[in-house]
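Peer 1: What follows is a single structure, and I will ask about it in a moment.
The values are calculated or read from the model by the stated rules, or taken from the named source; none is laboratory data. What you are looking at is a predicted structure, and each value in this text was computed from that prediction instead of being measured. Note that we place each Cβ from the backbone using ideal geometry, even for glycine, and neighbour counts take in every protein chain shown. Quick note on the areas: whole protein, heavy atoms, side chains included, nothing else; ligands and nucleic acids left out. Shrake-Rupley method; radii C 1.70, N 1.55, O 1.52, S 1.80 Å.
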Amino acid sequence: MLRYIVKRILSLIPVVFIISIILFGLIKVMPGDPAKLMVQGGRPETYDARVEAARESLGLDKDIVTQYVRWMGNLAHGDLGMSSTYHTEVKNVVAEPLKNTVFLNIFVLIFSLGISILVGIRSAVKKGSLFDQFWQVFTLIGMSVPTFFLGLCLIFIFSFKLGWLPSFGMPEQGLSTGAYILSWIKHLILPVTTLTIIQLAGTMRYVRNAMLEVLNLDFIRTARSKGLSQKVIIYSHAFRNALIPVVTIVITQIGMLFSGSMITESVFKWNGLGYILLQGLNARDIWLVASMNLFYVVIYLVSNFIADITYALVDPRVKLD
């Protein structure tokens, strides 16, 4: 396995390099001039000088090859560049949103996986029952409804009509410890619910279909003929063999801990990575957008790598060459 891990890590390097070139090229062909957006306002007679100064501070006064080499060199040293929107380093801009995104998605991951695994197993065992039919309809609706529409519906019901929860924003500052925690809980409920429902729909179907496939195999019938209890058959034999397809989506969701949800965070104005990325796209903040997108690429490549390793740990029959 060690040989496989080393080989996979080395194979990721050219992938990241090629994607970084493509990403940088796409960023450069975006319309608009970030230097001009950075110096909006001020005295007209100093406008040109301020634009040139902004272009120099952003590194845009160099040719495109030099800009790319400098960007990659800075990334290697932990320097993500200068944000033209926030007039500070990108790493300072994304520090707080990264914490907020991880905090939000930890709850989403716990609820979506916990519910989907339990319900998916029971739906497979009770195939065709009223319970199974209800959750099949639920997952179909969850996969069909757009994220923004679901979020707006929850805001309309629980914020505007019932007045129970805040419609958007972040927890209030300057409160006592207890009040601050309560404010966090209230602000978390709607975005967590939205993301959980969306992710729950797909994950539940994965678990159900994987379990149905395993429950029809010969070794399950053999286990039943030996008189093993239903719980032992389901959780000790069937579910373990159904884990491989489930692991794929689980690892993907773990990767989402660090990527955020642009639509959900924008609907609820949650100060996370997705919301910051959207603001950067609107303002053509090239180094912010480029660095965050490359960060997402690395996260998903690492997630896929971890998934491959996990396959062998879950099922010893899987050989990594």
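Peer 1: For segment 124-181, give me each residue that is over 25 Å from the mean Cα position of the chain (by Cα), polar (S, T, N, Q) and part of a helix (DSSP H, G or I).
Peer 2: GLN133, SER159, THR177
Peer 1: Being in contact with a Gly (Cβ under 7 Å, 6 or more places away or on another chain) and in a helix (DSSP H, G or I) narrows it down to one of ASN100, ASN92, so name that one.
Peer 2: Numbers: ASN92 fails: in contact with a Gly (Cβ under 7 Å, 6 or more places away or on another chain).
None of the other options fit; the residue is ASN100.
Peer 1: Could you list, in sequence order, the residues of segment 98-143 that are open to solvent by 40 Å² or more (accessible area, probe 1.4 Å), among the small types (Gly, Ala, Ser) and either at pLDDT 85 or above or touching a helix residue (DSSP H, G or I) at 6+ places or on another chain (Cβ under 8 Å) (or both)?
Peer 2: The initial filter retains those residues of segment 98-143 that are open to solvent by 40 Å² or more (accessible area, probe 1.4 Å), namely 98-99, 103, 106-107, 110-111, 115, 117-118, 122, 125-128, 130-131, 133-138, 140-141, 143.
Next, only the ones that are among the small types (Gly, Ala, Ser) stay: 128.
Residues satisfying the conditions do not exist here.
Peer 1: Let me ask another. If TRP71 passes every condition in (1) open to solvent by less than 50 Å² (accessible area, probe 1.4 Å); (2) outside any helix (DSSP H, G or I); (3) not aliphatic (A, V, I, L, M) but one, which one does it miss?
Peer 2: (2)
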